[in-house]
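Chemist: Before we start, here is the structure in question, set down as structure tokens.
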Amino acid sequence: MALEIQDPPRTDHEAEIAGLDALDIPIAPAKGRFSKTWEGLWPKLAAIALFFGGWQLITWLELKPSWVLPGPIAVLGEFWKLAWEGTPQTPHILLHATANTLQRAAIGYAISVVVGVVIGLAVARSRVLRAAVGSMITGLQTMPTIAWLPLAVLLFQLSETAITFVVILGAAPAIANGVISGVDHIPPVLLRAGRVLGARGLSNYRFVVLPAAFPGLVAGLKQGWAFCWRSLMAGELIVIIAAKPSLGVGLQYAGSLPTPKG
Amino acid sequence: MSALRLSPGRPVATAPAESLAGPAISVEGVTKVYGPRGSHTFALDRISLEVAPGEFCCLVGASGCGKTTLLNLLAGLDTPATGTVSVQGRTSLMFQESALFPWLSVRGNINLALRLAGVPRAERHDRASELLRMVRLKGMGGKRPHELSGGMRQRVALARALAQKASVLLMDEPFGALDAITRDLLHDEIERVWQETGITVVFVTHNVREGVRLGDRVLVLSSRPGRVVDEFRVDIPRPRRLDDSEVSSLSGLITDRLRQEVRRHGA
């Protein structure tokens, strides 16, 4: 039916509604952008200062010899030097290594997000799938990455694919779990409202389920990133590809040297 | 009469109320059973009712009268075990909670309803503005639901329901969670919107006085099994007030009838 909507007449009633609205809206003290930013920023700065301060204090106390536990200034100086080091073939090895590692992380994470979200949604919305693989996802999530590496190397040899494989196995289950718990915590009334509004099939996922599950999804994405990074480091420590520097390789190499400064 | 079986989510023929022949809603001998065989309970037992186009019909009943089941059937969210439900045009449903999507602004909620109802993008903005004006929330489009009071949220929910181009508005205790002053004002609001749009309303409430204040007719439902046990025509001229003496005395009658039903379960 076509609704003919006119301006409602101005009456006492309108004033009453407007008055009630005005009374109902909470009065929040207006805050400037600067004070808001500062409120979020200073605790972080304080935490960083505390960390470096404490570290420096411990080195000053000389509880450990400086070749075991050097101070922050020495470490940062060494880091700066290392950043510029390189060979004629690859100048700035650290920079290259970081770029390689970040690229692997980004690719592995992107695939994990797609895989995790699809599996998570499917399991969350299907009773059969949940009964079949629901607990297995949590099982996979608790599996240490290092345990996957022999299989990865067997399947893909010492290659990029092997690393990506363990990254996905590490990160995707965490993301899937986040999606599942996000979907489980959607208030039923919102799903009902979605159905009433005519959101079905794909549009139900797009307009109702995914945004409503977003808090859980974000939690899963964060955890997924953590798992992705851990798996990646484990992968890079083992799967060393010639002429391809990475942070993991750097760690492996530096760990075998006699000084903590690398 | 071309009584169309309601197919959920699909706009059925939407003719203006005047041209509709026959009832807007017709429920005939509908039974709905819950629970396993043997120990099942009747949520609804051979319930029959009709609502005329443009009518404001209130349903009152104690707990277990199957009102949610009935509304789900009318909204096409559920199918009856036996009997037929036919609704002319599209339905929309409002709940006790506003059930607004918290991740969308007020305008975003209305826009989504318009979009899902198939309103082309170019028309959505103007249409949403009209609806906001209708519920007197012009200028509130940018707010998030949590920034609004309960009464304002219910008005947004009303605007969202109207956005669906529905000819039947189902309301499940929509003002049950509001304070008395807000509820009183919203009674005037829903009455005004109903009169302006000519929409058919089915309004479920536990509050008999609210039913008499708003309804053209009040149906009394029994509980377990849910059935229509009595019907009261409300001929009190509008505008009515909750504290009118006529509203009061009719409410008294209906309350007595309702108590009689409730007593049956205690015997």
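Chemist: Among the residues of the range B:47-89 satisfying the criterion of being hydroxyl-bearing (Ser, Thr, Tyr) and not in a loop (DSSP other than H, G, I, E, B), which is farthest from the chain's Cα centre (by Cα)? Can you show your working first?
Modeler: At the first step, the residues of the range B:47-89 found to be hydroxyl-bearing (Ser, Thr, Tyr) are B:48, B:63, B:68-69, B:79, B:82, B:84, B:86.
Next, from what is left, pick out any that are not in a loop (DSSP other than H, G, I, E, B): B:48, B:68-69, B:82, B:84, B:86.
Details: B:Ser48: 17, B:Thr68: 11, B:Thr69: 13, B:Thr82: 23, B:Thr84: 19, B:Ser86: 16 Å.
Of everything passing the filter in the range B:47-89, B:Thr82 is farthest from the chain's Cα centre (by Cα).
Chemist: Any residue at all in the range B:201-217 that's within 23 Å of B:Ser48 (Cβ to Cβ) and of a type in the set (S, T, N, Q)?
Modeler: Within the range B:201-217, one or more residues are within 23 Å of B:Ser48 (Cβ to Cβ) and of a type in the set (S, T, N, Q).
Chemist: Please list, ordered by first then second residue, the pairs with beta carbon atoms under 9 Å, 6 or more apart or interchain, first in the range A:199-220 and in a helix (DSSP H, G or I), second of a type in the set (Lys, Arg).
Modeler: Once the first residue is in a helix (DSSP H, G or I) and sits in the range A:199-220, its partners that are of a type in the set (Lys, Arg) give A:Ser203/B:Arg115; A:Asn204/A:Arg195; A:Tyr205/A:Arg125; A:Phe207/B:Arg115; A:Val208/A:Arg195; A:Val209/A:Arg125.
Chemist: Filter the range B:99-120 down to the residues that are touching a residue at least 24 places away in the same chain (Cβ under 8 Å), part of a loop (DSSP other than H, G, I, E, B) and more than 9 Å from chain A (Cβ to nearest Cβ) and list them by number.
Modeler: Residues satisfying the conditions are B:Ser105, B:Val119.
Chemist: Would you check which residues across the range B:169-182 are surrounded by fewer than 24 Cβ atoms within 10 Å (Cβ to Cβ) and within 11 Å of chain A (Cβ to nearest Cβ) and list them? Outline the logic, then answer.
Modeler: Our first condition is that a residue be surrounded by fewer than 24 Cβ atoms within 10 Å (Cβ to Cβ); within the range B:169-182, this holds for B:172-173, B:176-182.
Scanning the range B:169-182 gives B:Asp172, B:Leu178, B:Asp179, B:Ile181, B:Thr182.
Chemist: Looking only at residues in the range B:191-207 that are crowded, with 20+ Cβ neighbours inside 10 Å and within 12 Å of chain A (Cβ to nearest Cβ), which one is nearest to B:Gly141 (Cα to Cα)? Please lay out each step first, then the result.
Modeler: First, the residues of the range B:191-207 that are crowded, with 20+ Cβ neighbours inside 10 Å: B:193, B:197, B:199-205.
Among the residues that remain, those that are also within 12 Å of chain A (Cβ to nearest Cβ) are: B:193, B:197, B:199-200.
Working: B:Val193: 19, B:Thr197: 21, B:Ile199: 24, B:Thr200: 26 Å.
Out of the qualifying residues, it is B:Val193.
Chemist: Given the options B:Arg136, B:Arg124, name the one that is basic (Lys, Arg) and more than 8 Å from chain A (Cβ to nearest Cβ). Talk me through it step by step, then tell me what you get.
Modeler: Values: B:Arg136 fails: more than 8 Å from chain A (Cβ to nearest Cβ).
Just one listed residue meets the conditions, B:Arg124.
Chemist: Does the range B:24-38 contain any residue that is surrounded by 16 or more Cβ atoms within 10 Å (Cβ to Cβ), in a loop (DSSP other than H, G, I, E, B) and either in contact (Cβ under 8 Å) with a residue 24 or more places away in the chain or in the same structural domain as B:Pro237 (by TED's automatic domain parsing) (or both)?
Modeler: Taking every residue of the range B:24-38 in turn, at least one turns out to be surrounded by 16 or more Cβ atoms within 10 Å (Cβ to Cβ), in a loop (DSSP other than H, G, I, E, B) and either in contact (Cβ under 8 Å) with a residue 24 or more places away in the chain or in the same structural domain as B:Pro237 (by TED's automatic domain parsing) (or both).
Chemist: Could I ask something else about it? In the range A:165-193, what count of residues is obtained for those that are crowded, with 24+ Cβ neighbours inside 10 Å and within 11 Å of chain B (Cβ to nearest Cβ)?
Modeler: Looking only at that region, the number is 1.
Chemist: Which residues, counting only those in the range B:178-197, are of a type in the set (Val, Ile, Thr) and without any contact (Cβ under 8 Å) to a residue 24 or more places away in the chain? It would help to see each step written out before you state the result.
Modeler: Initial filter on the range B:178-197 (of a type in the set (Val, Ile, Thr)): B:181-182, B:190, B:193, B:197.
Listed by number, the list holds a single entry, B:Ile181.
The values are calculated or read from the model by the stated rules, or taken from the named source; none is laboratory data. Everything quoted here is computed from the prediction, not taken from an experiment. Because the Cβ atoms are built from the backbone with ideal geometry, glycine has one as well, and the counts that use them run over all protein chains shown.
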